[in-house]
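First the structure, in the form of structure tokens, and then the observations on it.
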């Protein structure tokens, strides 16, 4: 090996790395290009994702939300199809009318609702049962205001009664209890301030008595209604709690005309008790609410008293209450919606397929006395046995056996069931 | 070149590769980082995709589905705007009333429907035509049950008649034929089991006669209706098939009151034949169905007989049938929905823009005799010529020329057209 | 250092690069694999994105669009909840009836609309105010046709009046002015061709007088209505413009019965002027439109004349006009929708939170004289002061103070406000 060769070898040795590096660079270029391509594509993805930074899904309602959480929108509806079968004393039917079998769509609703800009809320909900578009929740409002919490304007439930504030989707029995049907103002058109926290809620509003479509023309009367609730006892997971509440309403009857009435907790039956219209220029309603959840067992009771300033000066006073117990055979507990001070949607532990869904049994006693002073509206006592099956959290089959006893007239039994879905 | 220099050179030669490698490593690090960044981003993408694993699109309806196929939801509606022009014999108008020009929204519907958990189905469909919310399909049910297939509760079509089971969106003519309008029970409220397979379907249900809103209070009567259909001949692509079907219905008229009547296959015209109410405590309906698809040509015919147990013992029996042929000038064939035993949505081979859409011509003969025993409801014969244009699968323009002949009274001609879209 | 050692060193020097390269290759393989994995994943993403190439979001309406821009769909609604308080002369109330306080849902609408295949348009919009489903825009049509622009069939606004063509969501005052309420045909069922460009629009259509649900049975009369508008002066950003327009309508009253009437720009009040029905077989309406936008200031005026061919030959002629000015305290300008020749949605410069939303003040004078020839419908003059707050582009609070003067009867004042949201 001569020096020249050696130098050549050395030169090669020196050149080798740059040459190899050059090859590397060529490869590196490919990698570089591909990385760039990927990074650009990913950036494009990101931008696209940004431009459509909205999440849409169905989860007991069609739900759309923005990634930043500022916008939450939802739409959907519910269907309740009822079937009822009656057996009644002839004396009773002579008083209240005949009770035939029947079927009806108890509720058939569609709704759109949303929370916008983290600050605005709205809801538009209509019930097509019976063929007209009854206005249910139709309102707009501001949320998260200091002190008052939220302010709402439009047509919605006056803040009165635990059973009333609980959605008809989540009721334990097919119908609300006698005191609620007879006295609770339900939905009207007005303005309300309301605040809901973990352990308490309060709400107060001014309302006009409105027709089924939220309208009240040529109406000067104003009703003032307020509600306060609290949870003196509450376990973290909500499986044990005690709810106490007080609702009051000071009402100016339209045209000084007062009437209270009720069906026997069976909507396909006629009204069993009825004061008919009588003259009065003021009504005061007081409702004491209580509910206990203790694991799968729960109990609930409300007492409502209605004092009337009647024009004839006799000032009748009516009272009523209900009490019920419920037990989930499959171990669930009744869920409570803290911010509303009301009960919420049940989620079966094991839905149909995984298991048999959730099964609940319940019994209720209700009593309503619409006879006082010169008013003879009648006195009604109801005992209801209930069996509820929840195959999924949005599907329910309810079976109720109602025994109604109209004082001085006789008894009527109803076997009724409901097929329910909300979507 | 001395040894020292040589060694230096060698040392450089030896160092070069590691140095180059170091540079490589530096670059490699960049690549590494970038790859990691990309991989993380991609993983994030995947997770995001997972968290919103829902597909939403419009395809003749707003459609939402979950990636696992367990949830399929859809909402949308239809609009049918009709225009009719009449020319009638004076003698006929003296009998049935005057026939003026007119326009109407024949159907104006919105719906929400879904299949949930691979096991639950629901639909909420309302027709706002005329201003009230007529209940159309409003039901819930379970699907894919062993043997019985599915069970459905609520308001929907009784399983009767091929033409009735075919959606009004897909009818060949603007109105269903005389036998269907006069005798088919349409939608009512009840419960049904139903199974649909590739080559056959059957369904049977119990129904209460319900009002337009699905309700039937104080109603003890029950109707039993069943249907069975099959495809004795069926080509894979559905372009050739023979449908045979039998529908029967055993009915208890509400309040023992029976009435059959029909317009002349023109909805803006008055009813030409009408038995008026008469006393009967039972009706039996039998419907023989047949349809043939042979490429662009199709034919369809049904024969319906109604036997009444009238209280006067004369037991009248009415019968009627229709037969029609249709031909697609643009080569399509009428699509058949195997699981329903009915016809389905036409998809033009070439939509407007690509081509001229689909064009169909058709002719129908219908006859209905409502005169028998002591009942003189009249006898009506209709011949209808039809031209349909489908620019897209969800848009349709229909032109019908109806020649109606009321036995013993005279003739009336109608030129009517429909603008239709479903979304 | 001997030669052997040297050669060994050299050999190492020569081998080093390939060895390093080999290591590189090993690493390169990993990079290669990872790149491939990423590229495949990205391709998968792309395909997935393709399969669901739809963008869904909420932006003053639920909006769905396809990536290729061929499909644009939207659904949502609006709520307007009004409260009114009145003070009126006794003499006036003796003539028009009592004016009580009240609340109502002025509008409560849901809609679905879309543009399909870049060629088809449809809209289905219903107003549930009052409980029935009033048909608003319910139509289908073709767009982007040569020369004529678009053709539309169904129920929609006849092309008449600037104030009428402007959506009720965007009106400056709670109610449209007296001339519009008394004479504008509003929505009817028919067919229209229409074209809208940057600087001009024109439209012409044939319509049947339809009921609230778009229907007109036994109606042979046809109305012909047309409108042409232009922007002789228009700045690029729309902040300065002059709109001029002419609308005409040649009408055949149904059953030769004519009636014009109007409330005092307050919807909870009774109608103050009313010609009652009188016999006439033709009406010609002419409307001169004008509007000026000059930054935050805008002005608008319309003059409408109605000439009647009365059957008694007296041929009364009524005229009316309104003029108003509006000013945005927060600096916005009224936005104009060029393709419609009407005003559009206001977007506050700084929404609530960022700022205080947009604030607008306005004043309007309207006059309507329904007394001429043998007709004594009355003469009404209105002055309205308005304050509008737009916290967001889809939320609005309106306060109107209306002073109405019914000639020869007296005055009535109304304080009224509206809470509005559209979604």
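Derivation of every value follows stated rules applied to the coordinates shown; laboratory data play no part. The structure presented is a predicted model; accordingly, all values stated were derived computationally and were not measured. Ideal geometry is used to build each Cβ from the backbone, glycine not excepted, and the neighbour counts take in all protein chains shown.
Just to be sure I understand: with springs between alpha-carbon atoms less than 10 Å apart, which residue in C:230, C:353, C:100 has the highest mean-square fluctuation in the Gaussian network model of chain C?
C:353
Using only alpha carbon pairs under 8 Å that are at least six residues apart, calculate the relative contact order of region B:56-422 and give it in whole percent.
Values: 1058 pairs, mean separation 56.4, N = 367.
Computed over region B:56-422, the figure is 15 percent.
Exposure proxy check: A:202, A:389 ranked by fewest other beta carbons within 10 Å?
A:389, A:202
Using just the alpha carbons, could you tell me how many Å³ per residue the convex hull of region C:281-331 encloses?
Values: hull volume 2.9 nm³, N = 51.
Looking at region C:281-331, the number lands at 57 Å³ per residue.
If we count other beta carbons within 10 Å of each Cβ, what is the order of C:228, A:304, C:222, fewest first?
Final ranking by Cβ density, sparse to dense: C:222, C:228, A:304.
Enter the mean projected area of the convex hull around the alpha-carbon atoms of region B:85-175, in nm², rounded to one decimal.
Average of the hull's projected areas for region B:85-175 equals 8.7 nm².
Using only DSSP helix segments of four residues or longer, with each worth -39500 (n - 2.57), what per-residue ellipticity at 222 nm results for chain C after dividing by its residue count and rounding to 500?
Working: 4 runs with 66 residues, N = 423.
-5000 deg cm²/dmol, from helical runs alone.
For chain C, set up a GNM with springs between Cα atoms under 10 Å and report which of C:214, C:355, C:205 has the largest fluctuation.
The residue that fluctuates most here is C:355.
Can you grab the distance from the C-alpha centre of region A:88-164 to the C-alpha centre of region C:250-274, Å, no decimals?
Measuring centre to centre over Cα atoms gives 35 Å.
Could you tell me what % of all Cα pairs in the protein assembly as shown have separations over 60 Å?
Working: 195962 of 804546 pairs.
When every Cα pair of the protein assembly as shown is considered, 24 percent fall beyond 60 Å.
For label points placed 7 Å from Cα toward Cβ, what is the shortest-first list of nm distances from residue C:53 to its copies?
Relative to the other copies, residue C:53 has label-point distances of 2.5, 2.5 nm.
Rounded to the nearest 0.05, what FRET efficiency do residue C:286 and residue A:371 give with R0 = 45 Å and r taken as the Cβ-Cβ distance? Could you check? Walk me through the numbers on the way to the answer.
On the way: r = 68 Å, r/R0 = 1.51.
Result of the calculation: an efficiency of 0.10.
In a solvent-free Debye calculation with one equal scatterer on each Cα, what is log10 I(q)/I(0) for region A:213-271 at q = 0.25, 0.26 Å⁻¹, listed in the order of the q values?
For region A:213-271 at q = 0.25, 0.26 Å⁻¹, log10 I(q)/I(0) is -1.02, -1.04.
Looking at chain C as a GNM with Cα springs under 10 Å, which of C:177, C:217, C:133 has the largest mean-square fluctuation?
C:217
Tell me the distances, shortest first, between residue C:218 and the same position across the other copies, using label points 7 Å along Cα→Cβ, in nm to one decimal.
Values, ascending and in nm: 3.2, 3.2.
Any idea what the relative contact order of region C:271-402 is, in percent, if you count C-alpha pairs under 8 Å spaced at least 6 apart?
Values: 312 pairs, mean separation 28.8, N = 132.
That works out to 22 percent.
For Cα pairs less than 8 Å apart in space and 6+ apart in sequence, what is the mean separation divided by the residue count of region C:170-299, i.e. the relative contact order in percent?
Reported as a whole number, the value is 22 percent.
Using all Cα-Cα distances in region B:323-423, what percent lands in each 10 angstrom bin from 0 up to the longest?
Calculated P(r), rounded to whole percents: 14, 34, 29, 17, 6, 1.
Using a Förster distance of 30 angstrom, determine the FRET efficiency expected from the C-beta separation of residue A:117 and residue A:147, and round it to 0.05.
That pair, residue A:117 with residue A:147, gives E of 0.90.
Compute the projected area of the convex hull of the Cα atoms of region B:246-329, averaged over all viewing directions, and report it in nm² to one decimal place. Write down the numbers at each step before the final one.
Details: hull surface 28.4 nm².
If I average the Cα hull's projected area over directions, I get 7.1 nm².
Taking neighbour Cβ counts within 10 Å as the exposure measure, how do C:333, A:243 sort from fewest upward?
C:333, A:243
If you build the Cα gyration tensor of chain B and take the root of 5 times each eigenvalue, what three semi-axes come out, in whole angstrom, biggest first? All intermediate terms of the calculation are to be shown ahead of the outcome.
On the way: eigenvalues 794, 131, 74 Å².
Three semi-axes, in Å: 63, 26, 19.
Any chance you could give the angle, 0 to 90 degrees and rounded to 10, that helix A:3-51 forms with the longest Cα principal axis of chain A?
20 degrees
What does the copy distance list look like for residue A:303, label position 7 Å along Cα→Cβ, in nm and ordered from shortest?
7.5, 7.5
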